[in-house]
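The next block holds one structure in the form of C-alpha cells; read it before the comments.
Any read-out appearing in this document is the output of simple, stated calculations on the displayed coordinates, not a laboratory observation. Not measured: the values here are computed from a predicted model. When we count neighbours, we look across all protein chains shown, and the Cβ atoms used for this are built from the backbone with ideal geometry, even at glycine.
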Protein chains: 2
Amino acid sequence: MRTGRRPGNPDTREAILAAARELFADRGFDATSIRSIATAAGVDPALVHHYFGTKDQLFLDSMQAPFDPGEALHGVLAKGVDGAGERLVRMIMGIWDSPAGGAATAIIRSAVSNDLFARMMREFITHRILRRIAKDLDVPREEGLLRANLVASQIAGLIMVRYIVKIEPLASAPVETVVGLIGPNVQHYLTGDLGGVSAELGNRQPRRGGPKSRDRELP
Amino acid sequence: MRTGRRPGNPDTREAILAAARELFADRGFDATSIRSIATAAGVDPALVHHYFGTKDQLFLDSMQAPFDPGEALHGVLAKGVDGAGERLVRMIMGIWDSPAGGAATAIIRSAVSNDLFARMMREFITHRILRRIAKDLDVPREEGLLRANLVASQIAGLIMVRYIVKIEPLASAPVETVVGLIGPNVQHYLTGDLGGVSAELGNRQPRRGGPKSRDRELP
C-alpha cells in the first residue's frame, strides 16, 4: 500500500477513479466493493469514503457524469406515468442544451470509441437508469427492464441524431416539436402494449455470471 | 499536379479518398464535384472515374461503407409501406449480425469520435438514406425527410443499445423479438399520425445554402 500519499493528493483521487473504472467495467457494479477499489488503487478504504462518499457517487464520478440520470429519471416518473414519455424527452433535451451537455456528449463519445468505457456505460445505464425506471413502473421487474431498455434505444438515437451527428430537421427542431414527435413513442415503450413479446424475453435474458444463452433463434 | 503517379498506385487511391472525405464533409455531397476532388488530390479527374466510377460510389468508398444503405432501404420500401417498419428493423439487424457488421460499427465509432467523420456521416445519412426513404414515401418531400429522420433516430438507438454498448435484454434478444418490439414504432414514424407538429417544423428548419422553406404542408 502506498501509504505515503496525503489526503487531497490529486494523484490519489485519480488513482481511485482509475481503479474504480477498471473494476466497475470488469466485474460490474454489484460485485465491486469500495474495499476492492481501495486495494487496487493502493489506498485505505477510508480514503475512498473520504473522497467520494458512497459507492454510487464514486460510480457517477468515475463516469464523469455531469448529473445523476437515475435521480433525474426518478423525478420524471414520480409525477406518474401519464405523460412521462414527453417529460422524459423534454428533460433529456434540457440537459443536452445546458452547460452539462458537453460533458454528457463526451461520455457517449468515450463509450462508443473505448471498450472500457463501453462496459462502464453498460453498467451505468443498467444500474443507474434502467433499474430506476423499472422500479418506478408498476410492472414485473423483467418487463420493466425491457421497457426501460426500449426507452433507452429511442433516447440514445435521439441524442445521436440531434446532438452528435446533427442531422436535419431534428437537429434544429424546437424542443417542444421534438417532444411532440418522439414523446409518444417513448410513452408507448413505458406503458403501451408490447404485443406479448416481453413475456417470451423474460426467459431468455442472460444474467451476469450465469450460463450463456444458447437459445437465440435467428431467421 | 503530381502526375508522376501511376494508375493503380495505392497512395493515389488513398489520396483521392482523403480528399473526398475532406470535401464531402466541408462542402456537402451536392457541392463537391469529381473535378474538385481530383484537384485536391493532385490527380487527373479521369483517374478518379477510373478508380471509383461514379461520385456516389466514391462517397460510399470514402465512408468505407460495407454496403449501400440507400439501395438496401429502397429494397425494403419497394415492397410497399405496409410492414416496412418491421422489415427495416429486420434488415438492419441482418447487416449487423453479418460479417459486414464490424465495418458498419467502425463507421459509427468514427462518426461519434471524429468531427470530420461526423460531418461525412451527416452527408451520408442525409443523401444516401433519408432522401431515399423520403422519395419512397408518398408524402411531400419535407415531411418525408422528417419521417426518415425520426426513423433514423430509432434505428441509431437500436444499434447503440444492441451492438455498441450492448445493454440487456435487447443485446441478446432474438431478432424477431426485437422486430416485434421496435418495428411498430418505426412504422409509426413512416406512416403514422405525427400529430401536426411537423407543420410547425417547416418554418424553422435551416437549409444548406438555400432560402428557408415556407411552403411546407404537413398533416
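Contact order, relative form, for chain B: 19 percent (alpha carbon pairs under 8 Å, 6 or more residues apart, mean separation divided by residue count). About its Cα centre, the protein assembly as shown has a charge dipole of approximately 1000 debye under the convention of +1 per Lys or Arg Cβ and -1 per Asp or Glu Cβ, with nothing else charged.
Over all directions, average the projected area of the Cα convex hull of the protein assembly as shown and note it in nm². List each step's numbers first, then the result.
Numbers: hull surface 98.9 nm².
That works out to 24.7 nm².
Taking a threshold of 32 Å on the Cα-Cα distance, which of the pairs A:K135/B:K166; A:K135/B:K135; A:K135/B:K79; A:K79/B:K79; A:K79/B:K135 fall above it? Exceeds cut-off: A:K135/B:K135; A:K135/B:K79; A:K79/B:K79; A:K79/B:K135.
The residues packed around A:G53, meaning those with a beta-carbon under 14 Å from its beta-carbon, carry a net charge of -1 if Lys and Arg are +1 and Asp and Glu are -1. Mean separation of Cα pairs under 8 Å and 6 or more residues apart, divided by the residue count, gives region B:23-101 a relative contact order of 17 percent.
Computed 3J(HN,Hα) for region A:180-191, one whole-Hz value per residue from the Karplus formula 6.51 cos²θ - 1.76 cosθ + 1.60 where θ = phi - 60°, is x, 7, 9, x, x, 5, 5, 4, 4, 5, 6, 10, glycine and proline marked x. Between copies, the label points of B:A46, set 7 Å from Cα on the Cα→Cβ line, lie 8.2 nm apart, reported in increasing order to one decimal in nanometres.
With Cα atoms defining each centre, region B:114-176 and region A:37-67 are spaced 37 Å apart in the structure.
Distances between copies at B:G101, taken between label points 7 Å from Cα along the C-beta direction, are 3.4 nm in increasing order. Overall, the ratio between the Cα radius of gyration of region A:1-127 and 2.2 N^0.38 Å, rounded to two decimals, is 1.18. Placing a pseudo-label 7 Å from each Cα along the Cα-to-Cβ vector at B:N114 and B:A78 gives an inter-label distance of 3.3 nm.
For A:V175, the shell of other residues with beta-carbons less than 9 Å away shows a net charge of -1, using +1 for Lys and Arg and -1 for Asp and Glu. Computed about its Cα centre, the charge dipole of region B:1-127 is approximately 240 debye, with only Lys, Arg, Asp and Glu carrying charge at their Cβ.
Each other copy holds its own label point for B:E14; taking that point as 7 Å from Cα along Cα to Cβ, the gaps run 3.4 nm, nearest first. The mean number of Cβ atoms from other chains found within 10 Å of a Cβ in peptide B:184-194 is 3, as a whole number.
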